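Chemist: So that we are looking at the same thing, I have put the structure below in structure tokens.
The values are calculated or read from the model by the stated rules, or taken from the named source; none is laboratory data. Keep in mind that what you see is a predicted model, and the values were worked out from it rather than measured. Virtual Cβ from ideal backbone geometry, glycine too; neighbours counted across all protein chains shown. SASA here: full protein model, heavy atoms, side chains in, ligands and nucleic acids out. Shrake-Rupley method; radii C 1.70, N 1.55, O 1.52, S 1.80 Å.
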Amino acid sequence: MADPDAGHRSKPGAEPVTPVRREGIPLGRIAGVPVVLAYSWFVIAAFTVIVYGPVLAKNNPMLGVSAYIVAFAYAVLLLISVLVHELAHALTAKIYGWPTQKIVLNLWGGHTQFESFTASPGRSLLVALAGPAANFVLAGAAWLVLGTNSLGSVAEILTNIFMWANFLIGVFNVLPGLPLDGGRLVESIVWKATGSQAKGTVAAGWGGRIIVLAIVYWFLLRPFLAGDRPDFSLLMITILVAGFLWMGASASIQQGTLRGRLPLVSAATLSTPAAGLPATGTVRDALRAGAAGTKSVVVCGPDGRPQGVVDPDALASVPGAAADTTPVTAISFPLAAGAYVPEWSEGQELLQFLSQVEGRHYAVVDHNGTVTGLLTQDAVLAAITGKRQRHDRHPQGQNR
């Protein structure tokens, strides 16, 4: 997977490309893994101070204004807890040779971003559960500190908060639904039973949606039916958490559905029959190729590589008397550089290649480099989404 945060290098003679805006503040590397503090974290830090500061001041009058400093320290402790959680993911993945691109700490906690790797149900589950396990260890350590040491008031408050925060983070994350870590348990079980990771991801995504409904019922609907009015801070937290989980669960369902369709993405099966024609050919040659049963005609350069596609509308508009003298290049639109794929290309490999090539049309060639078909971006999108794409009446405009 390409690094989305890396600036693009311009080719000699090309127009400079504007670098991608940084997503946060680099905090350095831990065990070789880059850590980034997203700007959105300051939103949740401010929310914690505004909501939790008055509660601390009310319950601990001796703190005074410093209650807000303690509330900010609480936000920092949450940040550390999330960092340890994500590091546990990254370090466990490192055991299996999975390359970690970075850890991002943000408004919703954080996430560990991996590069391409080959997973299995068991390893995926262990990497996922390493995060909550780390939080349970931190909660246990804080409990031991509270039970064996006499701390000052502020230190005891923060240690107690740290203990419960890690315990709740651990419990929350083992709930059986994506995007929570416990969703990997559901995914791994279904993956192992069916042999399809895609089906496991979809099932875990639906598990995540069920968890959202349960959270909304317990914290909002149940008190409302009982005649109680939820606290405003609890209401806001519930809405934010439920919204985040619902979006994550929906994204997992979509990702699993698309992954399940990858076997349908094949250059050979999605392309239409096509014939190659030298760029020195004429309209008459293109008409003969069409009469032979091919739906498309691909124009090839002197080196035999595809360089254009005959436009059917332009072909039909050429008068019969001019068919022998009109060059085929006059009625064709150009293909992007390198826009041709082997007919055996399929799945993720094909998608990765197409994502790096401009244009919406790709010639398909066999082992000998002979043109056998024409693949369109619309056909690929239809295969992976299950939705028919809008027919383009003017294909020549797509490669310019």
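Chemist: Could you count how many residues in the range 75-87 are crowded, with 21+ Cβ neighbours inside 10 Å and not acidic (D, E)? Working first, answer last.
Modeler: Looking only at the range 75-87, we keep the residues that are crowded, with 21+ Cβ neighbours inside 10 Å, and these are 78, 81-82, 85-87.
If we keep only those that are not acidic (D, E) as well, we get 78, 81-82, 85, 87.
Going through the range 75-87 one residue at a time, the tally reaches 5.
Chemist: Which ranges mark the helices (runs of 4 or more DSSP H) fully within the range 189-278 that have 1 or more residues being touching a helix residue (DSSP H, G or I) at 6+ places or on another chain (Cβ under 6 Å)?
Modeler: 197-216, 232-260, 267-270
Chemist: Criterion first (assigned to a helix (DSSP H, G or I), under 14 Å from G110 (Cβ atoms) and within 23 Å of the chain's Cα centre (by Cα)) does L83 satisfy it?
Modeler: yes
Yes/no matrix, rows are residues, columns are (1) closer than 21 Å to Y39 by Cβ; (2) modelled with pLDDT of 90 or more; (3) in contact with a Ser or Thr (Cβ under 8 Å, 6 or more places away or on another chain):
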{"site": "E86", "(1), (2), (3)": "yes, yes, yes"}
{"site": "A93", "(1), (2), (3)": "no, yes, yes"}
{"site": "I103", "(1), (2), (3)": "yes, yes, yes"}
{"site": "G110", "(1), (2), (3)": "yes, yes, no"}
{"site": "Q113", "(1), (2), (3)": "yes, yes, yes"}
{"site": "L126", "(1), (2), (3)": "no, yes, yes"}
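Chemist: Further question: Sort out which residues of the range 160-202 are touching a Pro at 6+ places or on another chain (Cβ under 7 Å), over 22 Å from L213 (Cα atoms) and open to solvent by 60 Å² or more (accessible area, probe 1.4 Å), and write them in order of number.
Modeler: Of everything in the range 160-202, just one residue is touching a Pro at 6+ places or on another chain (Cβ under 7 Å), over 22 Å from L213 (Cα atoms) and open to solvent by 60 Å² or more (accessible area, probe 1.4 Å), namely K192.
One line per residue, one yes/no per condition, for (1) more than 24 Å from the chain's Cα centre (by Cα); (2) of a type in the set (S, T, N, Q):
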site	(1), (2)
W164	yes, no
I169	no, no
L180	no, no
T194	no, yes
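Chemist: Something else about it: Look at the range 288-329 and say how many of its residues are hydrophobic (A, V, I, L, M, F, W, C), exposed (fewer than 15 other Cβ atoms within 10 Å of the Cβ) and in a loop (DSSP other than H, G, I, E, B). Talk me through it step by step, then tell me what you get.
Modeler: So the first thing to find is which residues in the range 288-329 are hydrophobic (A, V, I, L, M, F, W, C), and the list is 289, 291-292, 297-300, 309-310, 314-316, 318, 321-323, 328.
Checking the rest, the ones that are also exposed (fewer than 15 other Cβ atoms within 10 Å of the Cβ) come to 291-292, 316, 321-322.
In the following step, the residues that additionally are in a loop (DSSP other than H, G, I, E, B) were identified as 292.
Residues meeting the conditions: 1.
Chemist: Go through the range 23-42 and report how many residues are open to solvent by 70 Å² or more (accessible area, probe 1.4 Å), over 16 Å from P99 (Cβ atoms) and assigned to a strand (DSSP E or B).
Modeler: Count: 2.
Chemist: Within the set of pairs 6+ apart or on separate chains, which have a first residue in the range 227-248 that is under 23 Å from A203 (Cα atoms) and in contact (Cβ under 8 Å) with a residue 60 or more places away in the chain, a second that is assigned to a helix (DSSP H, G or I) and open to solvent by less than 60 Å² (accessible area, probe 1.4 Å), and C-beta atoms under 7 Å apart?
Modeler: Qualifying pairs under 7 Å: L245/G208; L245/I211; L245/V212; G248/G208.
Chemist: For the range 330-353, which residues satisfy the criterion of being among the hydrophobic types (A, V, I, L, M, F, W, C), in a helix (DSSP H, G or I) and surrounded by fewer than 19 Cβ atoms within 10 Å (Cβ to Cβ)?
Modeler: A330, L351, F353
Chemist: Right, another one. So is G152 modelled with pLDDT under 95 and crowded, with 16+ Cβ neighbours inside 10 Å or not?
Modeler: Working: modelled with pLDDT under 95: yes; crowded, with 16+ Cβ neighbours inside 10 Å: no.
Criteria not met by G152.
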